[in-house]
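Shown next, in structure tokens, is the structure this report addresses.
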Amino acid sequence: MNTWRDKEEFKARVFEWAAKIDVHVRSLAVRPMRNKWASCSSGGNLNFNAELLLLSRDIGDYVIVHELLHFFVPNHGKLWKSLMRAHLEDYQQLEIKLKQSAYNKALRRTGDNASDNLFK
Ligand SMILES: [Zn+2]
């Protein structure tokens, strides 16, 4: 599996995407999180779950773009989906891969809808 070399490489990737999407990141942390892959605040603070470093890079890309787009669109509606597709054409495939990883890692804690709770 093509995983990340280290935390720094992941962070560099976040800034790369942020520049591309035109998002201003004020603070960025990669740290253990209990039941989310990532979170963002309107002030530009981003947190990513350190477990992402154990997954393949394309899944990391998905989570990074997913989260950065929330700076513009707070939900997963039509606009968000079309922006996702514009940046990561096969994002739905990656979403499935991520959900499978969540199952494998037993991140799923609150039943079948848990995957919806992994972000926010
Ligand atoms: Zn989301």
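Summarising the strand pairing of the chain, around 45 percent of its internal DSSP beta bridges are antiparallel. Once you order the gyration tensor axes a ≥ b ≥ c over the Cα atoms, which shape class does the range 35-92 get: rounded for a/c under 1.5, otherwise prolate or oblate by comparing a/b with b/c? Taking the square roots of the gyration eigenvalues as a ≥ b ≥ c, the range 35-92 is oblate. The residue list Y62, S42, A19 was ranked by how far each Cα lies along the charge dipole of the range 1-83 toward its positive end, using unit charges on Cβ atoms, and S42 comes out on top. Extending 7 Å from the Cα toward the beta-carbon at both A19 and Q92 defines two label points whose distance is 3.2 nm.
Restricting to Cα pairs below 8 Å that are 6+ residues apart, what does the relative contact order work out to for the chain? Please round to a whole percent. So the answer I get is 27 percent.
Could you compute how fast the chain diffuses translationally, taking Rh as the Kirkwood radius over C-alpha pairs and applying Stokes-Einstein at 4 °C with viscosity 1.567 mPa s? Give it in µm² per second.
90
Once both labels are positioned 7 Å from their Cα atoms along Cα-to-Cβ, the gap between E51 and S27 label points is 2.4 nm.
Readers should treat all values here as calculations from the given coordinates under stated rules, not as data from a laboratory. Predicted, not measured: the structure shown is a model, and the values here were computed from it. FYI the Cβ positions are ideal-geometry reconstructions off the backbone, even for glycines, and counts take in every protein chain you see.
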